[in-house]
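The numbers here are math on the coordinates, done by the rules we state, and not lab data. Note that the structure is predicted; figures quoted are calculated from it, not measured. So basically every Cβ, Gly included, is an ideal-geometry build from the backbone, and we count neighbours across all protein chains shown.
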Amino acid sequence: MRSHRIRTSAAVITAVVALPLSLGAIAPQAFASGAAFSPSSTPSPFGPGCSQLPHSGKGSATGMSKERVATAAANNPKLTKLALALKDAGLTTKLNDAKHITVFAPMNAAFDKISTVQLARLLKDKAQLKKVLTYHVVDKAITPGDLPNGSFKTLEGSMLKTSGSGTTFKVNDTANIVCGDIKVANATVYLVDTVLMPPS
């Protein structure tokens, strides 16, 4: 009887020792097969122009995430002309109060492509300015996965289209998305290098 107990105890000890060893053999296989836990699933902005954003504070991706879209634009050194145009068109509060919208935001360089005379004329015509700016806004959250062959109705009422793949996308085949999928408090922002003009 005593001999039987000794053999039983030895078997239990062997099993207990073998268990961690077997788990250690399984774990590398799980990581190799892609089952590893990702420390963060939060999407990051993409595109070559993202490097132009401040690395911290207001205007950075992190800073913008804490602010509503028109306020975030006003605090971003690359979007100051857009912020002023929104103010002139009376759209600042409207966009800040909106929920889950997407804004294709023209950077300052986009406004610089417009001639001085044309820009002055646009800024003086509040109705036309509002029409142009609301053409950059879609009343839904657009993800990068929607961009390759996208067609979206804007707040202006007309459609705009997106195309491309990977991290290279265009809007209406004219404007490049230079930094995309920036999350702000109430919107998703895609920075573009050209002011979009609605169909006349």
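Quick notes on this one:
- Label-to-label distance, Asp139 versus Leu123, with points set 7 angstrom from Cα along the beta-carbon direction: 3.0 nm.
- With 22 Å as the limit on Cα-Cα distance, the pairs of Lys58/Lys131; Lys94/Lys124; Lys99/Lys130; Lys130/Lys161 that go past it are Lys58/Lys131.
- Net charge over other residues, Cβ less than 13 angstrom from the Cβ of Ala89 (K, R count +1; D, E count -1): +4
- Added length on full extension, which subtracts the Cα-Cα distance from 0.36 nm per residue, Lys113 to Ser158: 13.9 nm
- Ratio of Rg to Rh for segment 80-147: 0.99 [Cα atoms; Kirkwood radius as inverse mean 1/r over pairs].
- Selection among Asn149, Thr167, Leu196 by position relative to the dipole of segment 124-200 gives Leu196 as farthest towards the positive end (Cβ unit charges, Cα centre).
- Most to least packed among 193-199, 105-111 [average Cβ atoms within 10 Å]: 105-111, 193-199
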